[in-house]
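Chemist: Once you've had a glance at the structure underneath, I'll fire off some questions.
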Amino acid sequence: MSEPVVGCGGQVPLAKGYLKELYPAIRAQGGVCISDEVQTGFGRLGDCFWGYEAQEDVPDIVILGKPIANGHPMGAVVCTSELADSFGKGVEFFSSFGGNPVSCAIANAVLNVIEEESLQQNAADVGNYYISLFRELQKSHQCIGDVRGSGLFIGIEIVKPGTKDPDPLLAAHIKNELRNNHILISTDGPYDSVLKSKPPLCFTKANAKTVVDQVKEVLEQYDH
């Protein structure tokens, strides 16, 4: 089981072709390959609708949640016909709330909006701009060790200037100062030192500039 971009690990994209090499090795030992698309799916990465597409292989199971119904509590599991047929053998699979028609209607409406409003393309366009703004800011602030991600799934690694050492205190300070200015991001990664930005897919370039300008202001005040 893997996310195509490791979210809670600090927004770390997998190496190109990693799963394409790994999946056959797992299957050769009788395993199944599961892609966790809860955070990376539904066009958020911009260049692809599902994160696993960037790895050029198809998993056996895809698990979905959160954005699938835009806040309505819902999750879903998609799998191959072979795996689906296995649920009819042996131990019965049962869910009291599975297949709720209201939830399915809501999720279907969300898919329609993503398509009608070209939100995947928006994630790509705004995401590229958003990343470029942070990389420009990185040139003047050594505390930004890395800017990575795709579309509107971005990680900004905060380090102690002149080193690669994580700086969770500064990361927390930036996060809290942004919150005081009504901008919500989170921190993540092994040291809680990566700023994690996953805005709604309707996020605009003006919104992106507002966030980066606020981060710049926080860093300039912190330096003084």
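The values are calculated or read from the model by the stated rules, or taken from the named source; none is laboratory data. Please read these numbers as outputs of a predicted model, since none were measured by experiment. Cβ sites come from the backbone with ideal geometry, for glycine too, and all protein chains shown count toward neighbours.
Chemist: Which of the following residues is at pLDDT 95 or above, of a type in the set (A, V, I, L, M) and over 24 Å from Leu184 (Cβ atoms): Ile131, Ile144, Ile61?
Modeler: Exactly one residue qualifies, and that residue is Ile61.
Chemist: Would you be able to say whether some residue in the stretch 19-38 is polar (S, T, N, Q), in contact (Cβ under 8 Å) with a residue 40 or more places away in the chain and closer than 28 Å to Gln121 by Cα?
Modeler: Scanning the stretch 19-38 turns up no residue that is polar (S, T, N, Q), in contact (Cβ under 8 Å) with a residue 40 or more places away in the chain and closer than 28 Å to Gln121 by Cα.
Chemist: Tell me which residues, restricted to the stretch 106-135, are in contact (Cβ under 8 Å) with a residue 24 or more places away in the chain, of a type in the set (D, E, K, R) and assigned to a helix (DSSP H, G or I).
Modeler: Of everything in the stretch 106-135, just one residue is in contact (Cβ under 8 Å) with a residue 24 or more places away in the chain, of a type in the set (D, E, K, R) and assigned to a helix (DSSP H, G or I), namely Asp125.
Chemist: Could you please let me know if Ile174 is part of a helix (DSSP H, G or I), out of contact with any helix residue (DSSP H, G or I) (no Cβ under 6 Å at 6 or more places or on another chain) and among the β-branched types (Val, Ile, Thr)?
Modeler: no
Chemist: Still on this structure, please answer the following. Within the stretch 4-26, which residues are under 12 Å from Arg148 (Cβ atoms) and in contact with a Gly (Cβ under 8 Å, 6 or more places away or on another chain)?
Modeler: Val5, Gly9, Gly10, Gln11, Val12, Pro13
Chemist: Sticking with this structure for a sec: Here are the criteria: (1) assigned to a strand (DSSP E or B); (2) in the same structural domain as Leu45 (by TED's automatic domain parsing); (3) small (Gly, Ala, Ser). Tell me which single one Gly149 does not satisfy.
Modeler: (2)
Chemist: While we're here: Mind listing whichever residues of the stretch 175-214 are of a type in the set (D, E, K, R) and within 21 Å of Gly46 (Cβ to Cβ)?
Modeler: Of everything in the stretch 175-214, those that are of a type in the set (D, E, K, R) and within 21 Å of Gly46 (Cβ to Cβ) turn out to be Asp188, Lys196, Lys198, Lys205, Lys209.
Chemist: For the stretch 93-105, enumerate the residues that are of a type in the set (Ser, Thr, Tyr) and not in a helix (DSSP H, G or I).
Modeler: Passing the criteria: Ser95, Ser96.
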